Each structure stands twice: as structure tokens, then as C-alpha cells.
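Report on the structure given below.
The values are calculated or read from the model by the stated rules, or taken from the named source; none is laboratory data. Please read these numbers as outputs of a predicted model, since none were measured by experiment. Don't worry about glycine lacking a Cβ; one is built from the backbone with ideal geometry, like all the others, and counts go over all protein chains shown.
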Amino acid sequence: MIAQSQVFWHTLDVLARERGFTPSALARAAGLDATALNPSRRVGANGAMRWPSLPTLLRVLEVLQVPLAVFARSVAGERLNPAAPAEGVGLLRTLAYSMLQQTGVFDQNGLPCGPVWVQEASPGQWWGEPDAYVVRVDTDGMEPVVRDGGAVVVVPSLPLREGDRVLMHGPGREPVMGLMLDVQDGPAVCSFRGGEVHVPPAREGEAWLHRIVMMTV
């Protein structure tokens with residue numbers, strides 16, 4: 001039996017609240033329009049409740065770190081009791097955006113290193129991903145896409161695809177957050193700061209592209 005759409009939306013709202021998201025914050029973190037998940041957008045012109053598209057749902061569940069099968073069981077009314085995390089789990093290395101250009105904050109493989117990083121609670125359940133880290137945004141130069149005071153979760157181990165949100169960084173190089181482009185001569189990044197297009201240097205070790213999996217406000 002297919003669950004009513006009201007139950008669907010209620011379940012999604014409960015999962016979001018448990019993880020500290022409002023509908024607008026969840027939409028932004030999933031790369032959607034900020035109003036995409038608002039209650040006012042859930043009702044059609046004929047008064048019937050709308051269903052989100054499957055791609056939208058998958059992007060939202062990726063942010064919430066809830067598998068589709070688990071979400072379906074939740075909608076069906078099954079009470080889920082996740083195991084309590086082990087001690088120390090839930091923390092990620094965190095650094096301010098303005099400090100990413102400093103020497104010694106990334107190793108020769110482009111991964112976080114050194115004492116300048118601090119351990120903070122992960123905005124989502126990403127601590128199980130290898131080498132995941134958080135960047136605290138301390139500039140308003142990328143608004144409204146990335147807001148001053150927000151945070152992004154970066155997972156270097158995930159493969160990159162056209163349209164992904166990415167962070168490009170390298171030694172002595174100003175970091176760039178933007179969208180991955182698929183161009184004829186290789187990958188490029190369309191920056192959230194003014195839409196400039198940046199092409200990673202061809203020489204290995206001069207810059208790295210890491211996938212952004214979550215944004216918070």
C-alpha cells in the first residue's frame with residue numbers, strides 16, 4: 001500500500017528535525033532552491049499534495065544520510081532505532097575557509113593534516129567517510145549560494161561528476177568553491193564567487209578537487 005503524501009512529508013520533516021535542519025536549510029544543503037521543500041510548495045493548484053521527484057528525494061536523503069530503503073520503512077510506519085555511536089564518533093576536522101591557503105594544512109595528497117585543524121561535531125553523519133572534513137565559511141563573497149557563518153562538509157574519497165559542488169585547493173592557491181563543469185579539455189570549476197571559471201593546473205599535486213556533500217546555514 002502506498003503511503004499518503006502527508007505521511008511522506010511528515011516523515012521527511014521528522015528526519016530533518018532530528019538532524020537539525022529546517023526545510024529551507026535542508027533544501028540548500030541538497031543544492032536545491034531554498035523554498036523547494038517549504039510547506040507552501042507541497043500543495044498543487046488543485047489542492048492536492050505534491051510528491052517530490054526521485055532525483056530530489058535522493059539528494060535530500062544523501063544530505064540526511066538516510067538510505068532510501070530505510071526512509072521507505074519509516075514512511076510505512078516502522079520505528080527505527082539506530083545504534084548509539086561509539087565514543088569519539090561524530091567529530092570531523094574543521095577549519096575556516098580563510099585558512100585553507102596556509103602552508104601545512106594539507107598533506108602531499110591534498111588531505112587535511114597538522115595541528116591547526118580542530119575537531120568539531122559533524123553537521124551530518126559523515127564521520128564514517130575517509131578523510132572527510134568541514135570548512136567553516138567566514139566570507140560573504142559566495143552568498144547567496146554559500147552563506148557567511150555556514151559550513152560545508154567535504155569528502156575527498158567520493159568520485160566527481162559534472163554538476164557536483166566541489167572545493168578546489170592547492171598550496172599557496174586561493175581555494176575555490178563551485179560547480180564541476182565537464183569541458184572538452186578537462187574538468188573546470190564554475191566559482192560560487194561571481195561565476196568565474198577556474199581550470200585546475202595540469203601538474204599533479206598543484207591542486208585537488210574534493211566533492212562537497214553538504215552545506216549548512
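Residue selection: Val166 fails the criterion of being under 21 Å from Leu32 (Cα atoms) and touching a Phe, Trp or Tyr at 6+ places or on another chain (Cβ under 9 Å). The set of residues in the range 27-43 being assigned to a loop (DSSP other than H, G, I, E, B) and touching a Lys or Arg at 6+ places or on another chain (Cβ under 8 Å) consists of Ala30, Gly31, Leu32, Ala34, Thr35, Arg42.
Residues in the range 110-139 that are at pLDDT below 90 and either more than 28 Å from Glu18 (Cα to Cα) or not acidic (Asp, Glu) (or both): how many?
Narrowing the range 110-139 to residues at pLDDT below 90: 114-115, 119-131.
Right, trim to either more than 28 Å from Glu18 (Cα to Cα) or not acidic (Asp, Glu) (or both) and you get 114-115, 119, 121-128, 130.
Within the range 110-139, residues that are at pLDDT below 90 and either more than 28 Å from Glu18 (Cα to Cα) or not acidic (Asp, Glu) (or both) number 12.
Out of all the residues in the range 16-36, which are of a type in the set (A, V, I, L, M) and under 18 Å from Ala121 (Cα atoms)? Working first, answer last.
Applying the first criterion (of a type in the set (A, V, I, L, M)) to the range 16-36 yields 16, 25-27, 29-30, 32, 34, 36.
Within the range 16-36, Ala16, Ala25, Leu26, Ala29 qualify.
Check the range 203-211 and report whether any residue there is touching a strand residue (DSSP E or B) at 6+ places or on another chain (Cβ under 6 Å) and of a type in the set (D, E, K, R). Yes; the residues of the range 203-211 include at least one that is touching a strand residue (DSSP E or B) at 6+ places or on another chain (Cβ under 6 Å) and of a type in the set (D, E, K, R).
Those strands (runs of 3 or more DSSP E) of the range 115-217 in which at least 1 residues are surrounded by 14 or more Cβ atoms within 10 Å (Cβ to Cβ), among the polar types (S, T, N, Q) and within 17 Å of the chain's Cα centre (by Cα), considering only elements entirely within it, cover 186-191, 208-216. Looking across the range 52-76, just one residue is touching a residue at least 24 places away in the same chain (Cβ under 8 Å) and over 17 Å from Ala16 (Cβ atoms), and that is Ala76. Can you tell me which residues in the range 72-101 are at pLDDT 85 or above and within 22 Å of Arg211 (Cβ to Cβ)? Within the range 72-101, Leu92, Arg93, Thr94, Leu95, Ala96, Tyr97, Ser98, Met99, Leu100, Gln101 qualify. From the set of residues in the range 1-16 that are at pLDDT 80 or above and not hydrophobic (A, V, I, L, M, F, W, C), which is surrounded by the fewest Cβ atoms within 10 Å (Cβ to Cβ)? This residue is His10.
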